[in-house]
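Worksheet: the structure to be examined is printed underneath.
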Amino acid sequence: MSLGGRPIFSAGSFDLDNEAEAALSAHMRDALISDDNGASLLYPPHQRCVEVAIDLGVGDKGVTVLGSDLTREYVDINADYRS
């Protein structure tokens, strides 16, 4: 398993040290959609994401799964759009 392109779990155990944890924390922090005070950034704020890769070791097929945090604010902002 990797997070942000950095291996974190292999052969049945986690592979993390203080440096890796700091880098992963920074990677996830960079994907936040709020500033340091918790205020939301202007929409659309970014194309940021946190990548999680999992290799089950049972073949060479792949899949991409996209997720979203549908917070109340996100829904309120997008409720004004009409197609």
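The values are calculated or read from the model by the stated rules, or taken from the named source; none is laboratory data. These numbers were taken from a predicted model, which means no experiment stands behind them. Positions of Cβ are generated from backbone atoms using ideal geometry, with glycine treated the same way; all protein chains shown enter the neighbour counts. When the accessible area is computed, the model is the full protein with side chains, heavy atoms only, and any ligands, DNA or RNA have been set aside. Shrake-Rupley method; radii C 1.70, N 1.55, O 1.52, S 1.80 Å.
Looking at the chain as a GNM with Cα springs under 10 Å, which of 57, 38, 67 has the largest mean-square fluctuation?
Of 57, 38, 67, the most mobile in the Gaussian network model is 57.
For the chain, max minus min Cα coordinate along each principal axis, in Å, sorted largest first?
48, 33, 17
Leaving out ligands and nucleic acids, note down the accessible area per residue over the chain with a 1.4 angstrom probe, in whole Å².
88 Å²
Less than 11 Å from a label point 7 Å out along the Cα-to-Cβ axis of residue 74: which backbone N atoms in the stretch 11-35 qualify, by residue?
It comes to 33, nothing else.
What percentage of the solvent-accessible surface of the chain, computed with a 1.4 Å probe over protein heavy atoms, is contributed by carbon and sulfur atoms?
53 percent
If each of residue 23 and residue 41 carries a label point 7 Å out from its Cα toward its Cβ, how far apart are those two points in nm?
The answer from the label model is 2.2 nm.
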